[in-house]
Amino acid sequence: MEERGPWKTLRVEERYATPWISVSHHDVIDPSGAQGIYGVVHFRNLAVGIIPLDDTLNTWIVGQYRYPIKAYSWEIPEGGGDRDLPPLVSAQRELREEAGIEAERWTEVLRMDLSNSASDEEAIIFVAQGLSHFEPEPDHNEELALRRLPFAELLGMVLRGDVRDSLTVAGVLKVDHLLREGLLPR
């Protein structure tokens, strides 16, 4: 029996797996002492998101259809990173692939647990500055649109609820705070 805080895990069985996630069934004793079950989604990769900022505070967002929510989504460049690599390496790859951008300066601005009631998915968000532009190189299964806009416009989209992606919302709000406080190097 494994103890996790006030929970006791009696048995764990993997029920489903893909190269990206696994779903496991846990027989548990909950904090009240009752026997129950818990389903956990394990993400094999770390989520990384990047807010590229140029010298005049323009940024770039990526548009794509997101299958699980059956909707088109505008979001910061983001993707999965190998947990065996430094997160910055994965962020640099994602920015180059999705937006065709490389950066001289990188600042980690936020770490998040994305849905900690049912998954262990963790995200790290970076700001990229000192930008150079190239042709994007999206994965074969990605159909992406790229848009350049002032950071203030993206902030407005987040505040109005036009952009709902969690990495984008949290990252934009954090970067806005850092910019207002003068805590982000320019």
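The values are calculated or read from the model by the stated rules, or taken from the named source; none is laboratory data. Bear in mind the structure is a predicted one, so any value in this text is a computation, not a measurement. Don't worry about glycine lacking a Cβ; one is built from the backbone with ideal geometry, like all the others, and counts go over all protein chains shown.
In summary, strands (runs of 3 or more DSSP E) completely within region 91-186 and bearing 1 or more residues that are small (Gly, Ala, Ser) and within 13 Å of Thr59 (Cα to Cα) occur at 101-113, 122-133. Can we say Leu167 is under 19 Å from the mean Cα position of the chain (by Cα), hydrophobic (A, V, I, L, M, F, W, C), buried (at least 16 other Cβ atoms within 10 Å of the Cβ) and under 18 Å from Gln64 (Cα atoms)? Criteria met by Leu167. Out of all the residues in region 16-28, is one or more touching a Ser or Thr at 6+ places or on another chain (Cβ under 7 Å), loosely packed, with under 14 Cβ neighbours inside 10 Å, outside the structural domain of Glu122 (by TED's automatic domain parsing) and modelled with pLDDT of 95 or more? So far as region 16-28 goes, yes, one or more of its residues are touching a Ser or Thr at 6+ places or on another chain (Cβ under 7 Å), loosely packed, with under 14 Cβ neighbours inside 10 Å, outside the structural domain of Glu122 (by TED's automatic domain parsing) and modelled with pLDDT of 95 or more.
Within region 107-128, none of the residues are touching a helix residue (DSSP H, G or I) at 6+ places or on another chain (Cβ under 7 Å), free of Cβ contacts under 8 Å to residues at least 40 places away in the same chain and either among the β-branched types (Val, Ile, Thr) or outside the structural domain of Gly80 (by TED's automatic domain parsing) (or both). Listed residues Leu144, Leu114; which is modelled with pLDDT under 95, over 12 Å from Ile51 (Cβ atoms) and in contact with a strand residue (DSSP E or B) (Cβ under 6 Å, 6 or more places away or on another chain)? Result of the check over Leu144, Leu114: Leu144. Taken over region 58-114, the criterion of being among the basic types (Lys, Arg) and either touching a His at 6+ places or on another chain (Cβ under 7 Å) or under 19 Å from Arg147 (Cα atoms) (or both) is satisfied by Arg66, Arg93, Arg96.
When you scan region 43-56, do you find a residue that is assigned by TED's automatic domain parsing to the domain that holds Thr168 and either over 29 Å from Val163 (Cα atoms) or acidic (Asp, Glu) (or both), even just one? For region 43-56, residues assigned by TED's automatic domain parsing to the domain that holds Thr168 and either over 29 Å from Val163 (Cα atoms) or acidic (Asp, Glu) (or both): present. Among the hydroxyl-bearing types (Ser, Thr, Tyr) and farther than 25 Å from Arg111 by Cα: is that true of Ser22 in this structure? In short, no.
Using the structure shown, decide if Arg96 is without any contact (Cβ under 8 Å) to a residue 60 or more places away in the chain and surrounded by 15 or more Cβ atoms within 10 Å (Cβ to Cβ). Yes: the conditions hold for Arg96. Got at least one residue in region 64-75 being of a type in the set (Gly, Ala, Ser), assigned by TED's automatic domain parsing to the domain that holds Phe134 and touching a Lys or Arg at 6+ places or on another chain (Cβ under 6 Å)? Yes. Taken across region 68-89, residues that are touching a residue at least 40 places away in the same chain (Cβ under 8 Å) and exposed (fewer than 15 other Cβ atoms within 10 Å of the Cβ) do not occur at all.
Looking across region 147-157, the residues that are surrounded by fewer than 16 Cβ atoms within 10 Å (Cβ to Cβ) and touching a residue at least 40 places away in the same chain (Cβ under 8 Å) come down to Arg147, Arg148, Leu149, Pro150, Ala152. Checked against the criterion of being surrounded by 13 or more Cβ atoms within 10 Å (Cβ to Cβ), hydroxyl-bearing (Ser, Thr, Tyr) and in contact with a Leu (Cβ under 7 Å, 6 or more places away or on another chain), region 34-49 has no qualifying residue.
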